[in-house]
Amino acid sequence: MKDEPLPRSLNFLKLRLEKRESTGLLRERKIIQSAQQPACIVDEKERINFSSNDYLGLANNNQAKKKLAESAKKYGFGSAASHLICGHQLPHENLEKQLAKFVERDAAISFSSGYMANLAILQSLPQKGDLIIADKLNHASLIDGVKLSDANSMRYPHCDLHLLEKRLKNAGQNKFVVTDSVFSMDGDIAPLKEISDLCLKYNAILIVDDAHGFGVLGKNGRGCAEYFNLNQKQLPILMSTLGKALGGYGAFVSGKKILIDYLMQFARSYIYTTAMPAAIASANLANLTALEKDNKKLRLLAENIAYFKTESDVKKIPLLKTDTAIQPLVVGDVNRLEKINQFIFDKGFLVGAIRPPTVAKNSARLRITLSASHTKKQIKQLVFVLSEAFDRIKD
Ligand SMILES: *Cc1c(COP(=O)(O)O)cnc(C)c1O
């Protein structure tokens with residue numbers, strides 16, 4: 001097989017891959033040989049993971065693992081069909097009810113992933129002739145959702161309220177404003193109260209992607225709506241994911257019951273796909289219950305973020321300014337990023353290395369994420385290694 005020449009029609013694959021490699025932008029997967037927890041095994045060696053979205057350390061929660069096994073015993077593995085055919089089992093129903101209650105919304109509908117939930121919202125709600133106004137740094141799934149939509153679209157500079165208002169003022173049609181709550185690559189929080197006020201003023205519908213807010217923002221981890229104290233009228237379409245702070249898998253959209261009824265009928269990425277396995281729904285519910293019962297993990301996460309920032313400050317590490325669990329460190333040049341990342345890895349740490357096109361050209365960065373389950377010692381060691389890497393590797 002190996003020596004077979006590539007047919008000419010497939011030559012573009014080779015060319016595009018070679019170009020990616022020669023510009024230092026090729027990405028590689030690491031094989032994690034253990035459960036997801038701060039001390040994980042990569043290349044047979046223990047590394048401390050600062051690149052995961054498991055902000056509360058729930059991905060390896062014993063209660064969730066137990067529920068997963070019990071539920072699989074009772075409901076089986078596969079869900080056998082889409083929700084609207086016969087894939088909607090009792091655990092899905094229970095999960096949706098509990099999620100809606102937790103985020104203080106009337107109803108919720110679950111999806112297999114946040115990517116699909118965002119496609120669902122943007123493909124089904126804005127109609128031909130409507131206008132979608134989107135933050136320039138929105139997550140790729142929102143960008144793809146806009147592409148799927150029949151509506152017109154425009155972007156506004158990142159979190160720029162003045163230019164958002166200008167676009168709203170000039171738009172005649174039905175309008176939707178779409179934004180992340182916590183931006184995934186910068187870790188900053190959108191000014192949702194002001195955005196919501198503008199939406200109410202200009203009669204636009206606000207859609208918020210709370211992937212990095214759900215489970216961590218707000219006193220009880222209910223997410224951006226709790227953090228900004230925004231009710232269902234102020235924030236009518238809320239998308240939250242279960243794969244990050246909740247340590248599970250899947251996503252949900254919450255809001256008025258009529259919104260949920262509508263998505264169920266018209267969202268193609270809901271209708272034409274197999275339901276998540278019921279056991280996954282049960283395990284998600286177990287982690288939600290863990291979060292509801294005790295917010296000790298939330299306090300630990302906040303402590304760890306503050307500790308990381310203080311230690312970095314002492315070592316003069318130029319972090320972007322944010323108080324969320326996402327702490328980016330812009331390096332700029334991809335080759336330097338690669339060298340720094342390798343140095344950190346060799347010292348036994350995993351951090352995210354984010355390259356264009358995920359972020360803008362010349363803004364390649366380390367993306368450090370903190371978790372409630374990191375120890376202070378692990379954080380202190382990481383800061384030491386980061387500082388060493390930045391001192392030694394200058395280009
Ligand atoms: C991760 C992420 C998603 C996608 O969620 P998945 O459940 O992983 O598909 C959507 N939006 C944002 C901002 C994200 O960070």
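Rule-based calculations on the coordinates, nothing more; no lab input. Computed from a prediction, not measured in an experiment: that's the story for all the values here. Note that each Cβ is placed from the backbone with ideal geometry, even for glycine, and that neighbours are counted across all protein chains shown.
Odds and ends about this structure:
- Between residue 310 and residue 19, residue separation times 0.36 nm minus the direct Cα-Cα distance comes to 100.7 nm.
- Cβ-placed point charges (K, R +1; D, E -1), dipole of region 79-177 about Cα centre in debye, nearest 20: 320 debye
- Per-residue ellipticity at 222 nm computed for the chain from its helices equals -12500 deg cm²/dmol, with DSSP H segments shorter than 4 residues left out and the rest contributing -39,500 (n - 2.57).
- Compactness ratio for region 156-305: Cα radius of gyration over 2.2 N^0.38 Å (N = residue count) comes to 1.12.
- Debye, to nearest 20: dipole size of region 289-395, +1 on Lys, Arg Cβ, -1 on Asp, Glu Cβ: 40 debye
- Restricting region 262-363 to chymotrypsin sites (Phe, Trp or Tyr not before Pro) that sit in a DSSP loop and have at most 16 other Cβ atoms within 10 Å of their own Cβ leaves 272.
- Where labels lie 7 Å past Cα in the beta-carbon direction, separation of residue 219 and residue 97 in nm: 2.7 nm
- With each label modelled as a point 7 angstrom along the Cα→C-beta vector, the residue 148-residue 28 pair spans 3.3 nm.
- Model label sites at residue 303 and residue 72, defined 7 Å from Cα along the beta-carbon direction, differ in position by 3.4 nm.
- Restricting region 20-79 to trypsin sites (Lys or Arg not before Pro) that sit in a DSSP loop and have at most 15 other Cβ atoms within 10 Å of their own Cβ leaves 27, 29, 30.
- Gain on full stretching of the segment that runs from residue 42 to residue 193 - 0.36 nm per residue minus C-alpha separation: 50.1 nm
- Residue exposure sequence - 339, 361 - by fewest surrounding Cβ within 10 Å: 361, 339
- Among the GluC sites (Glu not before Pro) found in region 25-95, those both in a DSSP coil and sparsely packed, with 12 or fewer other Cβ atoms within 10 Å of their Cβ, are 28, 44.
- Peptides 311-320, 107-116 ordered by average Cβ neighbours within 10 Å, highest first: 107-116, 311-320
- In range of the label at residue 376: residues from region 308-324 whose backbone nitrogen is under 18 Å from the point 7 Å along Cα→Cβ: 308-315
- Projecting the Cα positions of 343, 251, 163 onto the charge dipole of the chain (unit charges on Cβ atoms of Lys, Arg, Asp and Glu, taken about the Cα centre) puts 343 furthest along the positive direction.
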